[in-house]
1. For the list (1) of a type outside the set (Lys, Arg); (2) assigned to a helix (DSSP H, G or I); (3) touching a strand residue (DSSP E or B) at 6+ places or on another chain (Cβ under 9 Å), I need the number of the one condition that SER69 fails.
2. Considering only the stretch 8-20, state which residues are part of a loop (DSSP other than H, G, I, E, B) and open to solvent by less than 10 Å² (accessible area, probe 1.4 Å).
3. Answer with yes or no whether LYS139 is surrounded by 22 or more Cβ atoms within 10 Å (Cβ to Cβ) and basic (Lys, Arg).
4. Suppose we keep only residues that are outside any helix (DSSP H, G or I) and modelled with pLDDT of 70 or more within the stretch 197-214. Which one would you say is surrounded by the fewest Cβ atoms within 10 Å (Cβ to Cβ)?
5. Give me the pairs: first residue in the stretch 123-142 and among the aromatic types (Phe, Trp, Tyr), second residue crowded, with 20+ Cβ neighbours inside 10 Å, beta-carbon distance under 8 Å, and six or more apart or on different chains, which are they?
6. Out of all the residues in the stretch 149-156, is one or more in contact (Cβ under 8 Å) with a residue 24 or more places away in the chain, under 21 Å from VAL21 (Cα atoms) and surrounded by fewer than 22 Cβ atoms within 10 Å (Cβ to Cβ)?
7. Could you look through the stretch 26-39, keep only residues that are of a type outside the set (A, V, I, L, M) and open to solvent by 30 Å² or more (accessible area, probe 1.4 Å), and pick out the one that is nearest to the chain's Cα centre (by Cα)?
8. Search the stretch 40-66 for residues being touching a strand residue (DSSP E or B) at 6+ places or on another chain (Cβ under 9 Å) and part of a helix (DSSP H, G or I), and hand back the single one that is most open to solvent (accessible area, probe 1.4 Å).
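The values are calculated or read from the model by the stated rules, or taken from the named source; none is laboratory data. In this text, all values refer to a predicted model and were calculated from it rather than measured experimentally. Using ideal geometry, Cβ is built from the backbone for each residue, glycine included, and neighbour counts are taken over all protein chains shown. Surface areas here come from the heavy atoms of the whole protein model, side chains and all, with no ligands, DNA or RNA. Shrake-Rupley method; radii C 1.70, N 1.55, O 1.52, S 1.80 Å.
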Amino acid sequence: MSIINKNIIVTGATGGIGREVVKSLAAAKANVAFCSRNEENVNALFLELKEEFPEAVFYCCSCDISSESDVKKFIGNVYSEFGKIDGVVNNAGVGYFDSFLDLTEEKWNEIINTNVHGTVNMCREVIPYILKNDKENGKRGIIINVGSSSPQKYVAGNIAYASSKAALKTFSEYLFNEYRKSGISVTHVSVGSVNTGFSKRNKDTIGWKIKPWETGYIIKTLAEMAFVTENACLPNIDVRTMNPIECNGDKE
């Protein structure tokens with residue numbers, strides 16, 4: 001068993017982690033449907049991927065996962081294109097860093113609507129399609145929710161993002177317990193500091209942080225393992241750097 005020809009969705013695909021997740025899945029010969037809010041970025045990634053993986057199967061479009069109607073349309077199109085949905089990697093997320101009273105209501109709501117409601121929207125639409133699948137080695141499909149180590153360590157100005165990721169972890173744990181007997185493997189991946197452009201605190205010169213490709217590889221491996229194992233599953237894993245350096249405004 002493997003993820004060859006499995007149909008897997010990736011959200012937030014044009015960011016540092018999402019891009020590497022898509023590439024890792026494509027390299028493992030999965031069929032990948034991906035989305036992001038910016039249509040221009042989605043189209044640019046599609047062209048890049050087709051050049052790097054000319055034999056791979058992709059479907060993509062812009063989608064604001066905080067919009068129920070956007071998600072419903074996107075998932076419906078994926079099912080029409082692929083005829084089956086085997087899993088989703090909920091990677092999309094936003095973050096604004098400011099003190100509680102200085103963080104505007106608009107930014108707070110955007111963080112919660114994307115990081116929490118967006119994942120809920122995706123799961124609500126994807127799960128019925130996964131439940132249509134026959135069990136293969138005990139599994140019907142996978143859900144991987146990309147979280148953060150932020151709730152575990154205080155970082156000034158990180159209150160909204162950390163709160164959203166704490167909610168995501170709890171949501172993932174409940175989803176795991178609700179659907180594991182139905183054959184859906186749900187894994188929450190708590191990721192430490194990754195060297196991407198997600199935050200102004202992340203700089204290309206900071207070599208101690210997790211590399212985006214490492215996170216992509218780990219998530220791809222989790223997907224493969226979920227379809228190989230029969231009774232075993234991983235509801236939670238932590239991904240941390242081997243060489244933590246305490247920096248002002250950085251989490252491990």
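1. SER69 satisfies all of (1) of a type outside the set (Lys, Arg); (2) assigned to a helix (DSSP H, G or I); (3) touching a strand residue (DSSP E or B) at 6+ places or on another chain (Cβ under 9 Å) except (3).
2. THR11, ALA13
3. yes
4. GLY207
5. Going by the 8 Å Cβ cut-off, the qualifying pairs are TYR129/ILE75; TYR129/ILE85.
6. Looking for residues that are in contact (Cβ under 8 Å) with a residue 24 or more places away in the chain, under 21 Å from VAL21 (Cα atoms) and surrounded by fewer than 22 Cβ atoms within 10 Å (Cβ to Cβ), one finds at least one in the stretch 149-156, hence yes.
7. ARG37
8. It comes out as GLU40.
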